[in-house]
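The values are calculated or read from the model by the stated rules, or taken from the named source; none is laboratory data. Please read these numbers as outputs of a predicted model, since none were measured by experiment. All Cβ positions, glycine included, derive from the backbone under ideal geometry; neighbour counts span all protein chains shown. Ligands, DNA and RNA are stripped out before the accessible areas are found, and what is left, the full protein with its side chains, is counted by its heavy atoms. Shrake-Rupley method; radii C 1.70, N 1.55, O 1.52, S 1.80 Å.
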Amino acid sequence: MSKKNAWNTYNEPEIAKVNSLAEDYKVYISQAKTERECVDLAIVEAEKKGFVNLEDKIKKQENLKPGDKVYAQFMGKSMLLAVIGQEPIENGMNILGAHIDAPRLDLKQNPLYEDTEMALLDTHYYGGIKKYQWVTLPLALHGVVVKKDGTTIQVSIGEKEDDPVFCITDLLVHLAGEQTEKKAKEVIEGEGLDLLFGSQPLKGEEKDAVKHNILNILKSSYDIEEDDFLSAEIEVVPAGKARDCGLDRSMVMGYGQDDRICAYTSLIAILEAENLSRTGICILVDKEEVGSVGATGMHSHFFEDTIAEIMNLTGEYSELALRRALRNCFMLSSDVSAAFDPNYAFAYEKKNSAYFGKGLVFNKYTGARGKSGCNDANAEYMAKLRKVMEDDKVLYQTSELGKVDMGGGGTIAYILANYGMEVIDSGIALLNMHAPWEISSKADIYEAYKGYVAFLKNMK
């Protein structure tokens, strides 16, 4: 049952492919630090590969035929891409699904205040984070501000070399005796995650002079007024680019790899898909980290409605045909897994853990304790996947999320499984999951990409 280390199987040309894919991936996660940025970049790349906006097809009532490529985006934060296959869609589709939101801090709607001649921004954390990991880091602001007249202002501050960065301060160790006695989850409180934003007062102002100076800069540089924060979505994320990790440059360290590492490999797989037998789908969704809720989460009807529109343009749509199509699908819920960490071996069960360099990870089930909240994939489906992967020489491994009763987690898998389709979690193992800087293996990125390509082409 032992698995090969992928690096030992590669020749020089294959190692070049591994490194080339990793370089492109690093550029992607360095630029796409919000859901909106992920969708914007995906649309650019999709159109380069001949994908057409589904809305244009709908407006013109142009039929779709095998080989056609379309995409649809929803509210700028979720996306679906489709390559129409030779078989009727009613026979089912091969679906790759990943989420593009990531743990972070969001600015509150009334964030800016001054205290002791320091300007700060009030935040509310998003997703499961260890709050103490977010202090003393260089941080950046990404997002949009929408003004009352509908004008949208793109915000990205902290990424360029000459940009300022921001920080959440921490108590100096000399005064931290009481703080260090607290439990880890209480060392930094949620209301203590306020961003240091400025300290220079505006001359001539007697009250809140630093805040007035900040507002002047926001107005002159970005045309943002204080009340524009009411209609803004601005995320606080780690500043800086993804980097090679390790003296051998075998790993990638970057922000948001949960789950943009699976989103990127899924996206590249669908962009390269040609001559598919079954229609291939890639869905990139928002809000997974907070329960897949809301209009842009997997619980919304965006996915189902978009498939209905596609089937209408292929001449297949009926309510019954749609239900059959969804029930007959195969899906990879492409989400990350926990890589075995020798520094914290107590949390893992070695025989059923994912390891760096061992390839694409299949999690038959996630959940917590007695598999609570899981989608437990069928043995028959797992057998089909084993054959597809091995026929295409894709290295893969299986894993659970740590020891039983140690914790747990979930993905979008169970939501799609509600349609009756076959679903399993599959993705890439990470170290530091949900931390500001996560780590992945370049070999695993490559094997996941190969696995997703094989799945779209050969799963039936």
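Rounded to the nearest 5, what is the percent of antiparallel bridges among the DSSP beta bridges in the chain? The partial results should precede the final answer.
Values: 54 of 78 bridges.
Close to 70 percent.
Could you please state how large a percent of the accessible area of the chain is carbon and sulfur, counting protein chains only and using a 1.4 Å probe?
50 percent
Assign one of three labels to the stretch 209-332, namely rounded, prolate or oblate, based on the Cα gyration tensor with a ≥ b ≥ c the square roots of its eigenvalues; rounded applies when a/c is under 1.5, prolate when it is not and a/b is larger than b/c, and oblate otherwise.
Working: a/c = 3.05, a/b = 1.56, b/c = 1.96.
Oblate, because a/c is 1.5 or more while a/b does not exceed b/c.
If a/c stays under 1.5 just call it rounded; otherwise compare a/b with b/c (prolate if a/b is bigger, oblate if not). Do that for the stretch 271-373, with a ≥ b ≥ c from the square roots of the Cα gyration tensor eigenvalues. Numbers along the way, then the final one.
On the way: a/c = 2.69, a/b = 1.95, b/c = 1.38.
It comes out prolate by the Cα gyration axes.
Report, in cubic angstrom per residue, the convex hull volume of the C-alpha atoms of the stretch 152-203.
Working: hull volume 10.1 nm³, N = 52.
Spread over its residues, the Cα hull of the stretch 152-203 gives 193 Å³ apiece.
Once you put a point 7 Å from the Cα of E87 and another 7 Å from the Cα of D56, both along the Cβ direction, what distance in nm separates them?
A separation of 3.0 nm, rounded to one decimal place.
With Kirkwood radius over Cα pairs in Å defined as stated, name the option among [x] 24.4; [y] 29.3; [z] 23.4 computed from the structure displayed.
[z]
For the residue pair I153 and H301, what label-to-label distance in nm results when each label sits 7 Å from Cα along the Cα-to-beta-carbon direction?
Roughly 3.7 nm, to one decimal.
So if I take the centroid of the Cα atoms in the stretch 306-322 and the same for the stretch 23-81, what is the distance between those two points in Å?
First find each Cα centre; the distance between them is then 20 Å.
On a C-alpha basis, how far is the centre of the stretch 107-147 from the centre of the stretch 236-293 in Å? Whole number, if you could?
Computed from Cα coordinates, the inter-centre distance equals 25 Å.
Rounding to the nearest 20 debye, state how big the charge dipole of the stretch 240-361 is about its Cα centre with +1 on each Lys and Arg Cβ and -1 on each Asp and Glu Cβ. Write down the numbers at each step before the final one.
On the way: 12 positive and 17 negative charges, 81 e Å.
For the stretch 240-361, the charge dipole is close to 380 debye.
Distance in nm between label sites at V165 and N216, each 7 Å beyond Cα in the beta-carbon direction?
2.8 nm
Which order do peptides 423-430, 100-107 fall in by mean Cβ count within 10 Å, highest first?
Values: 423-430: 27.4, 100-107: 23.9.
In descending order of packing, they fall as 423-430, 100-107.
Output the antiparallel fraction of DSSP beta bridges having both residues in the stretch 46-122, as a percent to the nearest 5.
Of all bridge pairs located within the stretch 46-122, approximately 85 percent are antiparallel.
Please get the size of the charge dipole for the stretch 327-460, origin at its Cα centre, with Cβ charges of +1 on Lys and Arg and -1 on Asp and Glu, quoted in debye to the nearest 20. Could you put the intermediate results ahead of the total?
Details: 16 positive and 15 negative charges, 60 e Å.
That gives a dipole near 280 debye.
Just to be sure I understand: of the beta bridges DSSP finds with both ends in the stretch 350-460, what percent are antiparallel, rounded to 5? Don't skip to the answer; put the middle values down first.
Details: 8 of 11 bridges.
Around 75 percent of the beta bridges assigned by DSSP in the stretch 350-460 are antiparallel ones.
Apply the membrane-span-like helix rule to the chain: whole DSSP H runs, Cα extent along the own long axis of at least 27 Å, mean Kyte-Doolittle hydropathy at least -1.0. List the helices found. List each step's numbers first, then the result.
Working: long enough: 12-31 (29 Å, -0.49).
What comes out of the filter, once short or polar helices are dropped, is 12-31.
With charges only on Cβ, +1 for K and R and -1 for D and E, what is the dipole size of the stretch 44-179 about its Cα centre, in debye, rounded to 20? Kindly include the intermediate steps, with their values, before the conclusion.
Numbers: 15 positive and 21 negative charges, 131 e Å.
It comes to approximately 640 debye.
Run down the lysines and flag those whose C-alpha is under 18 Å from the C-alpha of K182, throwing out any fewer than 8 positions away in its chain.
K130, K131
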